[in-house]
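*Asks:* Below are the structure tokens for one structure; questions will follow.
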Amino acid sequence: MPMSPYVRSLRNRIGHDLLLLPGVTAVIRNGDRFLLARQRDTGRWSLIGGGVEPGETPQEAVVREVHEEIGVRPVVRRIVGAYGGKPLVSTYPNGDQIAAVTVAFECVLPSNDFTLEAAELIETGWLTREQVNHAERHEWIDNVLDDAAR
């Protein structure tokens, strides 16, 4: 995942120490299927999302992230929930430690015709909840998908 200039400036000061980062997650559905993306760094499936930049609202961030990753601007419908804690703590291969807190938004695409834009992703797929259960994934997304189904 590319590092924003803001995070890079923080890393220059704190090195690899734990950094709490605000994020956003897009829950995009097509009937009973969810749009997931497989990440290049881990090979695992997850929901589309990323970090909130300084001066950006979470809603603006989720629209930007979806656009950067699949080339379309979604319509943000509602907040699904907020997530954090141990499931969202990780260490990148370079040793950088992060603890993410993410707000998940239900989003709708204006068209299901899109292309993969982000180099950090390998592929996208529309998966049913049952397929997600059998996919190699970031397990914290299970809570998000369960909340989105309510």
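The values are calculated or read from the model by the stated rules, or taken from the named source; none is laboratory data. Computed from a predicted structure; not experimentally measured. For neighbour counting, all protein chains shown are included, and Cβ atoms are generated from backbone atoms with ideal geometry for every residue, glycine included.
*Asks:* Tell me, please, whether a residue that is out of contact with any Lys or Arg (no Cβ under 9 Å at 6 or more places or on another chain), under 15 Å from Gly23 (Cα atoms), surrounded by fewer than 17 Cβ atoms within 10 Å (Cβ to Cβ) and polar (S, T, N, Q) can be found in the stretch 53-64.
*Replies:* Yes, because at least one residue in the stretch 53-64 is out of contact with any Lys or Arg (no Cβ under 9 Å at 6 or more places or on another chain), under 15 Å from Gly23 (Cα atoms), surrounded by fewer than 17 Cβ atoms within 10 Å (Cβ to Cβ) and polar (S, T, N, Q).
*Asks:* Is it true that Gly43 is in a loop (DSSP other than H, G, I, E, B) and touching a strand residue (DSSP E or B) at 6+ places or on another chain (Cβ under 9 Å)?
*Replies:* Details: in a loop (DSSP other than H, G, I, E, B): yes; touching a strand residue (DSSP E or B) at 6+ places or on another chain (Cβ under 9 Å): yes.
So Gly43 fits the description; yes.
*Asks:* Would you check if Glu106 is surrounded by 14 or more Cβ atoms within 10 Å (Cβ to Cβ), touching a helix residue (DSSP H, G or I) at 6+ places or on another chain (Cβ under 7 Å) and charged (D, E, K, R)?
*Replies:* It is true that Glu106 is surrounded by 14 or more Cβ atoms within 10 Å (Cβ to Cβ), touching a helix residue (DSSP H, G or I) at 6+ places or on another chain (Cβ under 7 Å) and charged (D, E, K, R).
*Asks:* Let me confirm something: among Gly81, Gly49, which residue is in contact with a helix residue (DSSP H, G or I) (Cβ under 7 Å, 6 or more places away or on another chain), within 17 Å of Leu21 (Cβ to Cβ), assigned to a strand (DSSP E or B) and in contact (Cβ under 8 Å) with a residue 24 or more places away in the chain?
*Replies:* Among Gly81, Gly49, only Gly49 is in contact with a helix residue (DSSP H, G or I) (Cβ under 7 Å, 6 or more places away or on another chain), within 17 Å of Leu21 (Cβ to Cβ), assigned to a strand (DSSP E or B) and in contact (Cβ under 8 Å) with a residue 24 or more places away in the chain.
*Asks:* Among residues belonging to the stretch 124-150 that are of a type in the set (D, E, K, R) and modelled with pLDDT of 95 or more, point out the one that is surrounded by the most Cβ atoms within 10 Å (Cβ to Cβ).
*Replies:* To start, the set of residues in the stretch 124-150 that are of a type in the set (D, E, K, R) comprises 129-130, 136-137, 139, 142, 146-147, 150.
Restricting the remaining residues to those that are modelled with pLDDT of 95 or more gives 129-130, 136-137, 142, 146-147.
Working: Arg129: 14, Glu130: 9, Glu136: 10, Arg137: 20, Asp142: 14, Asp146: 12, Asp147: 16.
Checking each candidate, the answer is Arg137.
*Asks:* State which residue is farthest from Asp147 (Cα to Cα) when the search covers only the stretch 12-31 and only residues that are in a strand (DSSP E or B) and among the hydrophobic types (A, V, I, L, M, F, W, C).
*Replies:* Among residues in the stretch 12-31 that are in a strand (DSSP E or B) and among the hydrophobic types (A, V, I, L, M, F, W, C), the one farthest from Asp147 (Cα to Cα) is Leu19.
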